[in-house]
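In what follows, a single structure is set out as structure tokens and then discussed.
The values are calculated or read from the model by the stated rules, or taken from the named source; none is laboratory data. A quick note: this is a predicted structure, and the numbers were derived from the prediction, not measured. Counting neighbours? That spans all protein chains shown, and the Cβs are built from the backbone with ideal geometry, glycine included.
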Amino acid sequence: MHLSRFDDTGRRQTTSDRLEVRRLTRANRLWGSNGVTFGPDGRLYVAQFLAGQISAVDPVSGDVDVVVPLDGPVQAPDDLAFGADGSMYIADLTPGRVWRRSPGGAYTLVSDQVSVPNGITCVGDRL
């Protein structure tokens, strides 16, 4: 017999003496994390796909700041990278877009023709 969350009739079984479901981590401000990279300021930037935002973590203090908020143009940030000039490039997964966020915070749509952009990198001074 193998472990399953369904009973013998195929119905979902919410409890079982064979399985234990428990949370392994505490809830945190970086839920839905996916792509991560260090920025030019030394902070760790985290693309939070499920949260729809990008946060920056100070590795010394542990402080977390939202730098690309949920109510901005980016909907589903999956990954990010920094260009030589400090611009942040963002792979916006489900709408199929790539964004540039300038060091000053201005957004520019680089492309809306990328089907499921999952991952991004910058090499030298070009995307």
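Listing for the model above:
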| read-out | value |
| --- | --- |
| Among (1) in a strand (DSSP E or B); (2) among the acidic types (Asp, Glu); (3) over 13 Å from the mean Cα position of the chain (by Cα) - the single one Asp78 does not satisfy | (3) |
| Hits in the stretch 81-108 (condition: in a strand (DSSP E or B) and aliphatic (A, V, I, L, M)) | Ala81, Met88, Ile90, Ala91, Val98 |
| Filter pass, Ser115 being surrounded by 13 or more Cβ atoms within 10 Å (Cβ to Cβ), free of Cβ contacts under 8 Å to residues at least 24 places away in the same chain and of a type in the set (Gly, Ala, Ser) | no |
| In the stretch 78-98, the residues that are touching an Asp or Glu at 6+ places or on another chain (Cβ under 6 Å), in contact (Cβ under 8 Å) with a residue 24 or more places away in the chain and crowded, with 19+ Cβ neighbours inside 10 Å | Ala91, Leu93 |
| Of all residues making up the stretch 65-97, the number that are in contact with a strand residue (DSSP E or B) (Cβ under 9 Å, 6 or more places away or on another chain) and under 11 Å from Cys122 (Cβ atoms) | 8 |
| Residue within the stretch 107-123 that is closer than 22 Å to Ser33 by Cβ and polar (S, T, N, Q) present | yes |
| Of residues in the stretch 27-39 being at pLDDT below 95 and outside any strand (DSSP E or B), the one surrounded by the fewest Cβ atoms within 10 Å (Cβ to Cβ) | Ala27 |
| Considering residues of the stretch 43-75 that are more than 12 Å from the chain's Cα centre (by Cα) and within 20 Å of Val114 (Cα to Cα) only, the residue surrounded by the most Cβ atoms within 10 Å (Cβ to Cβ) | Gly72 |
| Residue list for the stretch 52-73, filter: out of contact with any Pro (no Cβ under 9 Å at 6 or more places or on another chain) and either among the charged types (D, E, K, R) or part of a loop (DSSP other than H, G, I, E, B) (or both) | Asp58, Pro59, Val60, Ser61, Gly62, Asp63, Asp65, Pro69, Leu70, Asp71, Gly72, Pro73 |
